[in-house]
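Read-outs throughout are calculated quantities, based only on the coordinates presented, and are distinct from any laboratory measurement. What you are looking at is a predicted structure, and each value in this text was computed from that prediction instead of being measured. As a convention, Cβ positions derive from the backbone with ideal geometry for all residues, glycine included, and neighbour counts pool all protein chains shown.
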Amino acid sequence: MKFGVVVFPGSNCDLDAYHLLKDVLNLPVEYIYYNQKIVNNYDLIILPGGFTYGDYLRSGAIARFSPVMDTIVDFAERGGLILGICNGFQVLTEAGLLPGALYRNSHLQFRCEKVYLKVENNNSPFTVIAKEGDVLKIPVAHGDGNYYADPATLKELENNKQILFRYCDQEGNVTEQANPNGSLLNIAGICNSKRNVAGMMPHPERAGEALLGSTDGLVIFKSILKSLERGGWTDG
Amino acid sequence: MKHIVKYFVAWRGESNLQFIAKVEVTLKKAVLDPQGVAVENSLKALGYNNTSGVRVGKYIELTLEAGNSKDAALQVEEMSRRLLSNPVIEDFSYTIQEAGR
Amino acid sequence: MKHIVKYFVAWRGESNLQFIAKVEVTLKKAVLDPQGVAVENSLKALGYNNTSGVRVGKYIELTLEAGNSKDAALQVEEMSRRLLSNPVIEDFSYTIQEAGR
Amino acid sequence: MDNVAWRELGLTDEEYRMIVEQVGREPNLTELNMYSVMWSEHCSYKHSRSSLSLFPTCGPRVIQGPGENAGVVDIGDGWAVVFKIESHNHPSAIEPYQGAATGVGGILRDIFTMGAQPVAFLNSLRFGDLEDPRVRYLFDGVVAGIGGYGNCVGIPTVAGEIYFDPCYSGNPLVNAMCVGVMPKDSLVLGKACGIGNLVILVGARTGRDGIHGVTFASEELSEESEEKRPAVQVGDPFLGKLLMDATLETIRKSLVCGVQDFGGAGLTCALTETASRAGTGIEIDLDQVPLREEGMQPYEILTSESQERMLLIVEPGKLAEVEKVFQRWELPLAVLGKVTSDGNVVALYRGEKVVELPADSVAGGAPAYNPEYREPVYYNELAKFDPSVMPPPGGFGKALLKLLSSPDVASKEWAWRRYDYSVRTCTVQGPGGEAAVIRLRETGKGLALSVDGNGRLTYLNPYIGGMMAVAEATRNLSCVGAEPIGITDCLNFGNPEKPEIFWQFRQAVTGMAEACRELEVPVVGGNVSFYNEVEGEAIYPTPVVGAVGLLDNPEKACSNALGSEGDLICLLGAPEVSLGGSQYLKSCCNKVAGRLADIDLQFEKRLQEKLRLLIAEELLVSARDLSDGGLSVALAESCLAGNRGAVIDLGRMDNLVMQLFGEGPSRILISFKPGNRDKIVMLSKESSIPLTFLGIAIENTLIIKSDDDIILKLSLDEMKEAYGEVFSCIMG
Ligand SMILES: Nc1ncnc2c1ncn2[C@@H]1O[C@H](COP(=O)(O)OP(=O)(O)O)[C@@H](O)[C@H]1O
Ligand SMILES: [Mg+2]
């Protein structure tokens, strides 16, 4: 088994993802640099959080043209598992690997806080060990997490059950108050229609140790391990 | 505040024309523009080696009512200076157009 | 990538004119513009009650070399679509002007 | 030379005479500019140097005290902590976002310059009255700028403090602190070592940023166009982050012999300081400096404060490897020249020698002044005020709500939720606690961090105020269970050439130094910011202390939140308090006056030691220092943090205002399980530390009784609203 964490110029949660995989979960993991090509056969590639290229112009806009992205697109097309966290999610939408776009939080401020996520769907390699309706406590830290997609795309996301997580309150109610950034339908995380590529604004890698306040983020990583044990993810 | 009150009154009194104002706000020339640099590098990496001097600024579009275009321009000038731009580091320019023309 | 190579070649080959391109990127009408709302509120708080429909976008200025203005426009169109704007949420428009004119 | 030149550059005739003597000839204009910036107060500390020598700077753990870019303290296991605080007050007053952002960027470079991986930011802020729209603009911009830079570079901002007072209206204070860690043996100093080694500049291109005070009367520059005017420094956190990673990589790979960041006075400072520290010289070619603008003059290149640049001293044989590291991130690198042996800094421009100056003279030759000082009239006047005549208008409950909703006391979450405080996944306790706690992955230990200062107290009594700042900062560390191991300080004052201001300065530094000695905590670095005045009106004298503590086990860090119902609540420490200078007087009675409670530093030390012991023995549920607002605010805040109520009985008391709102040092509100009571009583008795039983934790309501009379009763919701929503209301 091998995990890869992509390092773009300006990524800054690469270390956190790496640490979680290596030191908390004891998994083999290596960095993949922005100017490399993917040569190894990774079981999962993480696009971590941060401010790639300073988030100048638009979050993720410049990173998506990094040399490594061509091979990441190939990897996705071959069915490889990809998880974009925060800025990684933004890069994936910019690259067209996930539908929609993430733009300025509706209140216009960067927001760092613990939020609650409702697991909307467990039919994905990223949520398979969760029960639908489970509530996870995971922090967000972003300024551009406001998810937008046009009505047709939203409908498709719902119909295909591509919405993995929505912002909710502690009891699991999806309310406007629980929405930290103005995202349509309180969307916090989605996957593609093949279900091998997912993106989420909250940081599961920051919720992996009790000392730091929550271990709920492990649900996502353990789901990934579970589906890998089962021999990968086949749609359906 | 006196200025504004004046305009405000002016507008209450006579204005019935609609104008579209477009304001461009850019960093002053001597001020570092990290966004511009990043975008220029990215354009070059994409093969547009023929680009240079990229600057990234803000663009603001708004509708305003005013008695005439001169009055509209004065107001846009004023709001650009007071709110839309930060005179310490930014310059602005604008155009005014009567709506529906 | 093929596209770019074409332009790149074109530029190497023939271009000797300099153009100034100005690109305005705005959120699509259907996309809520929180910055626009905030600016409009501030304008109103300052007394500009006669303003409405404020939208805040980006303004990008750059210099490019090209053989002729049509070629320059094609390239600006392309870079706007690929990098400068995100078609999912944004529209863009641009103007081209020969430098020094 | 026309004698107008040096005066216009801010040098006195006597200073100019010293320069001529030290150089052995009259300097040219470029050289004079270099002297002007290096002999400025900001770089030469000419008014503060002799006072700063009062600070104790040594200790068994100190690896590097003041004099380098940051202080370095041993934290065991082969590791060291590196930290420093710095002001960016004046730039932030002009352009709050960029001023604060570049302040954060600057202090970040001071830390990684030494070879340390930055792990945390802190900040201490002061603004005027929020009624003023300009103040709101400054406040919002500064907070956004701190977040804008810190969030982007991926170093968590874990603690800070914010206060408001009209005296800071036109002159906000923005003090930023950065903390880093590194293996002890990878310490790098800002020294230009090794004759023949290369002098390299990496990072941003040099523009005309922040070339100030440089008004030339000379002909060549008289036609300064609009565009040549000094520009506000703009930070590029993206570049800053890459520069940090790449610089640290060269240090880890032992590719560099010296590293120096570019701060105030730019290239001039970096060149002369590194050469002076190493006892060497440097010769560079200004034409090699990558420029952002055309037509820059040598003096502009030499004094530009463009951000995100570093100076590296590299052996020629290692150049290729250094280049490789910087190339990975596509960072520009330029070889400017080399280290020489003659002690001179030489700069060539278009083939001509434009500068040849003794490095020691430029970097360290400035005179040290001992300014006059005089006790200001207000001092005795204000101390006479008798605050006992100020009962709470509208009752105790109303007064507490008023205090909780005053911007000084109210929750600063509106600001700190805009800072990424959890990136790097090491933040055990973020903003909102007594001190922040971060775990060190490498050693398993923890660091506790706090920043404190109280301008109002220091104004009323600079000597005690100075002691209080040190005591409170270290007390906050002890509240989480950490042992204070070093401090850094930022001294924000008015114009030191005014005797009353210098008196404030001298008194405050004396008090701070005494507290450091008694509490056995060394000062390993800091910063002085003078001339914080607008139109002759100075700010409150505001010394700010950044303190660093060590925790053997971060899992044992104590919080300030009440735990379960039934837990006992006690006051640990001295019961003496005063309403003089209190937050209560300011917020509820609109008065800044009175005599401060005294501080017994020996007692403070014992108290902190005992508190740490109680926490190490895991006897406590919570610990909170009593500061602004006294007992009442501490109780309310502990309730809010734990989402618990409390019922408190003060017994028979004559002066309830004093008991509830009076302030004084050396007091901690603790809570614990009833089963630990006997042990805690015994341990506090052992060191003769008073322990006063106050009450127990209950659900939902704070009730305070005196002799069976309920004198205050507030629901958690009422307090939450007062405490939690002020800034969203004011700032939107
Ligand atoms: N108030 C102070 N207390 C202790 N040390 C100080 C103080 N002010 C300045 N110093 C020390 O003097 C030196 C020069 O400070 P400064 O010029 O701010 O550094 P830099 O060049 O990194 O900006 C530093 O080592 C700093 O720690
Ligand atoms: Mg320094």
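Distance in nm between label sites at D:M731 and D:S53, each 7 Å beyond Cα in the beta-carbon direction? It is 4.3 nm. Which angle between 0 and 90 degrees, to the nearest 10, do you get for helix D:319-328 versus the longest principal axis of chain D when only C-alpha atoms count? The angle comes out at about 50 degrees.
Given R₀ = 22 Å, FRET efficiency for D:E497-D:N28 by Cβ-Cβ distance, to 0.05? The formula returns an efficiency of 0.15 here. With the simple spin-label model, which puts each label point 7 Å out from Cα in the Cβ direction, the A:E229 to A:T71 separation comes to 3.0 nm.
For D:I710 and D:S564 in one chain, what is 0.36 nm times their gap in residues minus the Cα-Cα distance, to one decimal in nm? Could the numbers behind the result be given before it?
On the way: separation 146, 0.36 × 146 = 52.56 nm, distance 2.26 nm.
Gain on stretching D:I710 to D:S564: 50.3 nm.
Only helices enter this figure: runs of n ≥ 4 DSSP H residues, each worth -39500 (n - 2.57), summed and divided by the residues of chain A, yield -5500 deg cm²/dmol at 222 nm to the nearest 500. Remark: chain A carries a charge dipole of roughly 180 debye about the Cα centre, counting +1 on each Lys and Arg Cβ and -1 on each Asp and Glu Cβ. Near the amide H of D:D489, within less than 5 Å, lie the amide hydrogens of D:I85, D:G525, D:G526, D:N527, D:G546, all on another chain or at least 5 residues away, with H placed in the peptide plane. Think of the protein assembly as shown as a dipole: +1 on every Lys or Arg Cβ, -1 on every Asp or Glu Cβ, centred on the Cα centre; then among A:G143, D:Y373, D:T458, A:G143 lies furthest on the positive end. Computed 3J(HN,Hα) for segment C:49-62, one whole-Hz value per residue from the Karplus formula 6.51 cos²θ - 1.76 cosθ + 1.60 where θ = phi - 60°, is 6, 8, 9, 7, x, 6, 10, 10, x, 10, 10, 10, 10, 8, glycine and proline marked x. Taking the Cα centre of segment B:16-98 as reference, the dipole from Cβ charges on Lys and Arg (+1) and Asp and Glu (-1) amounts to some 320 debye. Length gained on full extension, D:E249 to D:N655: 140.0 nm, using 0.36 nm per residue less the C-alpha separation.
Helix D:462-480 and the longest principal axis of the Cα set of chain D meet at an angle near 70°. For the protein assembly as shown, evaluate the Debye formula with one uniform point scatterer on each Cα (no solvent term) and list log10 I(q)/I(0) at q = 0.04, 0.05, 0.07 Å⁻¹, rounded to two decimals. So the normalised log intensities work out to -0.22, -0.34, -0.70. About its Cα centre, the dipole of segment D:494-556 is roughly 120 debye, where the only charges are +1 on Lys and Arg Cβ and -1 on Asp and Glu Cβ.
Report the calculated FRET efficiency for D:E537 and D:N590 (r = Cβ-Cβ distance, R0 = 22 Å), to the nearest 0.05.
0.70
A cut-off of 5 Å between modelled amide H atoms, ignoring neighbours fewer than 5 places along the same chain, links C:L46 with no other residue. Under 5 Å between amide hydrogens, built in the peptide plane, is the criterion, and for D:G207 it picks out D:R292, D:S306 among residues at least 5 positions away or on other chains. Between 0 and 90 degrees, the angle of helix D:677-686 with respect to the longest Cα principal axis of chain D falls at about 60 degrees. Each of D:E500, D:E95, D:E617 was scored by other Cβ atoms within 10 Å of its Cβ. Arranged with the fewest first, they read D:E617, D:E500, D:E95. For segment D:290-333, chymotrypsin sites (Phe, Trp or Tyr not before Pro) meeting the loop criterion (DSSP other than H, G, I, E, B) and having at most 15 other Cβ atoms within 10 Å: none.
Can you give the direction-averaged projected area of the convex hull of the alpha-carbon atoms in chain D, in nm²?
30.0 nm²
Given R0 = 22 Å, the distance between the Cβ atoms of A:A210 and A:E132 translates into a calculated FRET efficiency of 0.30. For the residues A:N196, A:N35, A:N123, a GNM of chain A with alpha-carbon springs under 10 Å puts the largest fluctuation on A:N35.
Take the Cα of C:K44, step 7 Å along the line toward its Cβ, and report every residue of segment A:104-139 whose backbone nitrogen sits under 18 Å from that point. So the set is A:107-108. Placing dummy labels 7 Å off each Cα toward the beta-carbon, the span from D:T510 to D:E609 is 2.8 nm. Relative to its residue count, chain A spans a Cα convex hull of 109 Å³ per residue. Projecting the Cα atoms of D:Y168, D:L122, D:A623 onto the dipole axis of chain D, where Lys and Arg carry +1 and Asp and Glu carry -1 at the beta carbon, places D:A623 farthest toward the positive end.
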